[in-house]
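Accompanying notes for the structure given below.
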Amino acid sequence: MAMSAAQVAGGPKISITELNDDHIKFVLSSCDLSVANALRRIMLSEVPTIAIDLVEFDANTSVLVDEFLAHRMGLVPLLSHRAKELKYSRDCSCMQYCQYCSVELTLKVRCEEDTTRDVSSKELLSNNAEVRPVHDASTTAPGILLVKLRKGQEVRLKCIAKKGVGKEHSKWSPVSSVSFEYDPDNLLRHTDFWVEDDVNKEWPRSAYSEGSYPDERNNIPFEVKGMPDRFFFDVEVVGSLRPEEVLLQAISVLQSKLGAIQLALEQESRATPF
């Protein structure tokens, strides 16, 4: 799905080429490689989401020890559209957690059947309907498997979900992968094509190729000072945020960082006599 490019006059441009519930592809142009890589890193590690950070056990007679089960709970993605409204726990005035910096989820399951019972994330009950485990849209989907119980085994626990970012722990990262490529036909000669037999098998063309490949590239002059100016992004999200939300929030974080640098430079230049 093609969309119009969003841009600031004289600045970078973003053109979305594909968008669905868990995937986005876009082209970032008119900027430097460092800006493209900064955007990639921010999407991975600085877009805030909500994830389970504390697990309190009342009972656990399953085959999984408390630590193992707590780790699994932490990796369950939660809908995080309300992440902006929550405070970071470090910025909250409460003693440990409260409604302004956390969301509570509970799990109370006991197996009474003779067969093995699968306990999934669908059985996690949240005290906030807007912050709950991410599930497939289908009502028949089983959810994320947490633990299996045999007859007589039970799990009773309380989870505290908090706001965080991926650079603190990967459970807070809203994306499962972020990749980008530039110069798909290697016109800048940043790569040497080592060919032993068939170039098309050993170096398959990129989806963004414009047709110039090793056998055709010889007629194109090499620019010594050539720099990449178009970057083809491919982003897959875990479901806590929609792909376009991740992109927009990452751009906002990048703008804030660049604005802080600009302000610091202006203050330094006024304070330093020439």
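The values are calculated or read from the model by the stated rules, or taken from the named source; none is laboratory data. Quantities reported herein were computed from a predicted structural model and do not represent experimental measurements. In this analysis, Cβ positions are derived from the backbone assuming ideal geometry, glycine residues included, and neighbour counts consider all displayed protein chains.
Descriptive notes on the structure:
- Figure legend. Inter-residue proximity from the stretch 38-57: first residues touching a residue at least 40 places away in the same chain (Cβ under 8 Å) and of a type in the set (D, E, K, R), second residues part of a helix (DSSP H, G or I) and surrounded by fewer than 20 Cβ atoms within 10 Å (Cβ to Cβ), beta-carbon distance below 9 Å, spacing 6+ or different chains. Indicated pairs: 46/253; 46/254; 46/257; 53/74; 53/89.
- The set of residues in the stretch 174-189 being surrounded by 14 or more Cβ atoms within 10 Å (Cβ to Cβ) and more than 16 Å from residue 24 (Cα to Cα) consists of 182, 183, 184, 185, 186, 187, 188.
- Among the residues examined, residue 67 qualifies as outside any loop (DSSP other than H, G, I, E, B), without any contact (Cβ under 8 Å) to a residue 24 or more places away in the chain and closer than 19 Å to residue 158 by Cα.
- Only one of the listed residues (181, 202) is in the same structural domain as residue 32 (by TED's automatic domain parsing), of a type outside the set (Gly, Ala, Ser) and either within 23 Å of the chain's Cα centre (by Cα) or at pLDDT below 85 (or both). That residue is 181.
- Which numbered condition residue 132 misses (of (1) under 23 Å from the mean Cα position of the chain (by Cα); (2) at pLDDT 95 or above): (2)
- Within the stretch 145-170, restricting attention to residues that are in a loop (DSSP other than H, G, I, E, B) and not β-branched (Val, Ile, Thr), the residue that is surrounded by the fewest Cβ atoms within 10 Å (Cβ to Cβ) is 152.
- Residue check for residue 120: under 25 Å from the mean Cα position of the chain (by Cα), surrounded by 13 or more Cβ atoms within 10 Å (Cβ to Cβ) and among the hydroxyl-bearing types (Ser, Thr, Tyr): yes
- Test result for residue 132, surrounded by 15 or more Cβ atoms within 10 Å (Cβ to Cβ), touching a Leu at 6+ places or on another chain (Cβ under 9 Å) and over 21 Å from residue 53 (Cα atoms): no
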